[in-house]
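A.B. asks: Here you go, one structure.
The values are calculated or read from the model by the stated rules, or taken from the named source; none is laboratory data. In this text the structure is predicted, and so the values were computed from the model without any measurement. Counting neighbours? That spans all protein chains shown, and the Cβs are built from the backbone with ideal geometry, glycine included. Remember, those area values only see protein heavy atoms, side chains included, never the ligands or the DNA or RNA. Shrake-Rupley method; radii C 1.70, N 1.55, O 1.52, S 1.80 Å.
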Amino acid sequence: LRPAITTLFGLIHGFGFASVLMEVGLPQQRILPALFGFNIGVELGQIAIVLAISALGLVLRRWLKPTGMALSNELLCAALCSLGMFWFVQRSFFA
């Protein structure tokens, strides 16, 4: 189920970028290359963040006991969820 949800969210997110590019006034033939280039940049940034967080997780795994690791995973998930909700509310209601 996770890959399907992720793919759906990615498509919706991509359509949002496409609509912004159309509003900017790019010619129709330039929208696809611009969208592709922008999305490649975003994906590379996300991969860099995932690699950094994974490296941090490996370091923490050596220092923390299993119960501490489970707690740190829960705290990280709560922090990421909170950040996502904050951005959603900010952009939906205060933009």
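A.B. asks: Tally up the residues in the range 13-24 that are open to solvent by 60 Å² or more (accessible area, probe 1.4 Å) and more than 13 Å from the chain's Cα centre (by Cα), please.
C.D. replies: 5
A.B. asks: Could I ask something else about it? If a residue has to be farther than 30 Å from Ala79 by Cβ, modelled with pLDDT of 80 or more and open to solvent by less than 60 Å² (accessible area, probe 1.4 Å) to count, how many in the range 28-53 make the cut?
C.D. replies: Number of matching residues: 2.
A.B. asks: Test Phe86 against the criterion of being open to solvent by 90 Å² or more (accessible area, probe 1.4 Å) and in contact with a helix residue (DSSP H, G or I) (Cβ under 9 Å, 6 or more places away or on another chain), and give yes or no.
C.D. replies: no
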